[in-house]
Amino acid sequence: MHTTDIRHMTPSELVCFLAGLGKETYRAGQITRWMYQRGVRTFDGMTNLSKHFREELASVAHIGVLRIDRILESKDGTKKILFILEDGLAVESVLIRERNHWTLCVSTQAGCGMGCAFCLTGAFGFKRNLLPGEIVDQIAMLKFSIPEGSDILNIVMMGMGEPLANYENTLKAVAIITGDTCLGFSKRRITVSTCGIVPMIGRLSKDTEVNLAVSLNAADNTTRSMLVPVNRTYPLEMLIDACRDYRMPRRRRITFEYVLIDGVNDSEYDARKLSALVAGVNCKFNLIPFNEFQDSSFKTPPGERVQSFRRVLVSHHFTAVVRMSKGGDIMAACGQLSGQLEDHTAKTIT
Ligand code: SAH
Ligand code: SF4
């Protein structure tokens, strides 16, 4: 289809697009309410628009689809959803069950080009950036498929890909996710996770006000450059400075994610270096014991090493939680998302 896909437009872009057709501003809200609040994905189904307007829209625009291919459910209630994009590539989202609600972990790229040594998504390499509507539709589609009486409360951009390497589209997605007449989430409920693209952290801080999570994963430049190659361009000192300057929603703290890898970055000495490194930053820690996958050379540390690492941080007055791995049996845990990209790409070629 060669008409414009309105899924990728922010609320204000849709207003401009409709103005070009001579339509009033409020029409944009009518259309997005149908799309995001009622799940209607054809202009024809938008019955409070005149028939003539619906036909006119259909001649210049369309609403693309993000197809749910499969939903896998873990023993612990975590669900992994495999989506197929219009060009046949696949991405994954993970729904994590909390006490009374769900946290949805969304992808921002098909694959990832950052090449972190411990990440399966990284091992697949970069396929392409997701468009704004492809990021948003992971939420819009799943909103209608969760059990009644519970809701998606938090959105974390921690699925496949590096959100800040797809900056414009991520920002547009945030505008749609938070738009009153769209998905209506508050910015406090959105977290963008980055491996540390420093200039983009600065821009994000100016452009919007979402929660920031930074995947630190090491407390010295030698180890971090080995694990997270972007550290060679933006070393720890620059990254921590950017974190200090980041503007968060009120009373929020930066989350530092730290993947604990057996014998690599999990000693008490590492924990002390880490405490010194982030001294004075308004932050909390998520410690993630490395999730193993086939062919990974790294190992998960023993439980007691994880606890002693945590205790050092706590003794330095930091909040540190060990993120219990969820969905490991369906490869939905952190760093295990691959989107089975090879399979689906192959399918489109044949
Ligand atoms: N690209 C962004 C967001 C997606 S990665 C980022 O790097 O922050 C989401 C999180 O999964 C990151 O904190 C990353 O460090 C972690 N992760 C990646 N591979 C992992 C693995 N094998 N085990 C545990 N956590 C992993
Ligand atoms: Fe990309 Fe994040 Fe994986 Fe690194 S950890 S390869 S940035 S998805």
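The values are calculated or read from the model by the stated rules, or taken from the named source; none is laboratory data. Because the structure is a prediction, the values reported are computed rather than measured. Every residue, glycine among them, receives a Cβ derived from its backbone with ideal geometry; neighbour counts consider all protein chains shown.
Summary table below
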{"item": "Pick from segment 1-25, criterion of a type in the set (Asp, Glu) and within 28 Å of the chain's Cα centre (by Cα), ranking: nearest to residue 182 (Cα to Cα)", "result": "13"}
{"item": "Segment 94-136, subset more than 12 Å from ligand 1 (Cβ to nearest atom) and small (Gly, Ala, Ser), residue nearest to the chain's Cα centre (by Cα)", "result": "110"}
{"item": "Residue list for segment 93-108, filter: within 13 Å of ligand 2 (Cβ to nearest atom), in contact with a Leu (Cβ under 6 Å, 6 or more places away or on another chain) and not β-branched (Val, Ile, Thr)", "result": "none"}
{"item": "Verdict on residue 82 being in contact (Cβ under 8 Å) with a residue 60 or more places away in the chain and either in a strand (DSSP E or B) or within 16 Å of ligand 2 (Cβ to nearest atom) (or both)", "result": "yes"}
{"item": "Within segment 209-223, considering residues that are surrounded by fewer than 23 Cβ atoms within 10 Å (Cβ to Cβ) and modelled with pLDDT of 95 or more, the one nearest to residue 267 (Cα to Cα)", "result": "219"}
{"item": "Close pairs from segment 276-302: first of a type in the set (Gly, Ala, Ser), partner surrounded by fewer than 18 Cβ atoms within 10 Å (Cβ to Cβ) and not in a loop (DSSP other than H, G, I, E, B), Cβ under 8 Å, at least 6 apart", "result": "280/244"}
{"item": "Whichever residue in segment 224-235 is free of Cβ contacts under 8 Å to residues at least 60 places away in the same chain and surrounded by 21 or more Cβ atoms within 10 Å (Cβ to Cβ) and, among such residues, is nearest to residue 198 (Cα to Cα)", "result": "231"}
{"item": "Flag if residue 78 is of a type in the set (Ser, Thr, Tyr), within 16 Å of ligand 1 (Cβ to nearest atom) and modelled with pLDDT under 95", "result": "yes"}
{"item": "Pairs with Cβ under 8 Å, 6+ apart, first in segment 116-129 and assigned by TED's automatic domain parsing to the domain that holds residue 158, second of a type in the set (Val, Ile, Thr) and in a loop (DSSP other than H, G, I, E, B)", "result": "116/228; 117/228; 118/261; 129/108"}
{"item": "Filter result (charged (D, E, K, R) and assigned to a helix (DSSP H, G or I)) within segment 94-149", "result": "134, 137, 143"}
{"item": "Among residues of segment 187-201, those that are more than 12 Å from ligand 1 (Cβ to nearest atom) and in contact (Cβ under 8 Å) with a residue 60 or more places away in the chain, counted", "result": "2"}
{"item": "Out of 204, 142, sole residue that is more than 14 Å from ligand 2 (Cβ to nearest atom), within 17 Å of residue 339 (Cβ to Cβ), in contact (Cβ under 8 Å) with a residue 12 or more places away in the chain and of a type outside the set (Val, Ile, Thr)", "result": "142"}
{"item": "Condition met for residue 246 (within 16 Å of ligand 2 (Cβ to nearest atom), among the aromatic types (Phe, Trp, Tyr) and in contact with a helix residue (DSSP H, G or I) (Cβ under 9 Å, 6 or more places away or on another chain))", "result": "no"}
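The rows are residues; the columns are (1) surrounded by 18 or more Cβ atoms within 10 Å (Cβ to Cβ); (2) on the phi < 0 side of the Ramachandran plot.
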| residue | (1), (2) |
| --- | --- |
| 24 | no, yes |
| 32 | yes, yes |
| 39 | no, no |
| 42 | no, yes |
| 45 | no, yes |
| 49 | yes, yes |
